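The values are calculated or read from the model by the stated rules, or taken from the named source; none is laboratory data. Just so it is clear, the structure is predicted and the values come from calculations on it, not from any experiment. All Cβ positions, even for glycine, are placed from backbone atoms using ideal geometry, and neighbour counts span all protein chains on display. These accessible areas exclude ligands, DNA and RNA; they are computed on the full protein's heavy atoms, side chains included. Shrake-Rupley method; radii C 1.70, N 1.55, O 1.52, S 1.80 Å.
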Amino acid sequence: MALRKIIEIDEEKCDGCGQCILSCAEGALEIIDGKAKLVGDILCDGLGACLGECPQDALHLIEREAPEFDEEAVHERMAKMKDGAPKAPAGFGCPSSQAMIMTMPPQGTPGEAGASSLGHWPVKLQLMGPNTPFLKGADLVLLADCAAASNPALHQKVLPNKAIAMGCPKLDDLQAHIDKLAQILEGATPKSLTVMFMDVPCCKGFVYAAQKAVEKAGVDMPIGLIQIGRNGDVLMEGNLDKDGKIS
């Protein structure tokens, strides 16, 4: 053990965006349970290459007692990562994932035809963390990406004054979506959750994901449902209660 510089992560500030991960050439950082973590003191060289990548200023260099940096351990870890263990979940590390709130229409006023009603960025569920500002107390829409493409009235009738989290229940990792959504429901405490999905069997996976996320987060929240036909029409609107019944 020696007194040396090493990275420290403020978990209160970290929103799990993952931008620090790809800047760490030693593979010393991972996103675990929605937060950046130092996975081994011996993997951190203390140079701080990751510091400038954090939009939340959650990473700092400190001096503390720690094992010496072990270059051999780094080589072993990088070899394992090359064999299939990713540095960060898919999509993390992209500068465009930085959270931002944009000007939204006045409360209760639908978006004008031809104008965007999107009020935030990013929009992909897996790029969001439980501390992402625009999720706090929001009306959250879990939006299947095909439904977004199919429904022509999305910006006028669904998006105004809402936060959206997009993904695909068939092609994405559904369990990862459940885990991330549960973290958001527990940490950001949105005031409502609505699932907008297509009228194809695989798309109902997002309804299942919402149910499991609510259950995992331990929140008491009805789930709104909007089902879209392949021609873009709204086929059904309702609420799903905790017993799985639609009203």
Under the 7 Å Cα-to-Cβ spin-label approximation, Leu51 and Met100 lie apart by a distance in nanometres of 2.6 nm
Could you work out how far helix 174-187 tilts from the main Cα principal axis of the chain, as a 0 to 90 degree angle to the nearest 10?
90 degrees
Between Ala79 and Ser247, take the C-beta separation as r, use R0 = 51 Å, and let me know the FRET efficiency to the nearest 0.05.
0.40
Could you calculate the contour length gain from Glu65 to Asp220, that is, 0.36 nm times the residue separation minus the distance between their Cα atoms, to one decimal place in nm?
51.3 nm
Starting from the amide H of Lys124, placed 1.01 Å from N in the peptide plane, find each other amide H under 5 Å away whose residue is 5 or more places distant or on another chain.
Met166
For the chain, dividing by residue count, accessible area per residue (probe 1.4 Å) in Å² works out to 51 Å²
Per DSSP H run of at least 4 residues, take -39500 (n - 2.57); add these up for the chain, divide by its residues and hand me the 222 nm value, nearest 500 deg cm²/dmol.
-5500 deg cm²/dmol
Along the Cα-to-C-beta direction of Asn239, a point sits 7 Å from the Cα; which residues of the range 142-167 have their amide N less than 18 Å from that point?
142
Note the full-extension length gain between Thr189 and Ala25 as 0.36 nm times their separation in residues minus their Cα-Cα distance, in nm to one decimal.
55.5 nm
Contour minus Cα-Cα distance for Asn231 and Ile32 (0.36 nm per residue):
67.6 nm
Nitroxide proxy distance, nm - points 7 Å out along Cα→Cβ at Val200 and Glu11
4.0 nm
Whole-percent carbon and sulfur share, accessible surface of the chain, 1.4 Å:
53 percent
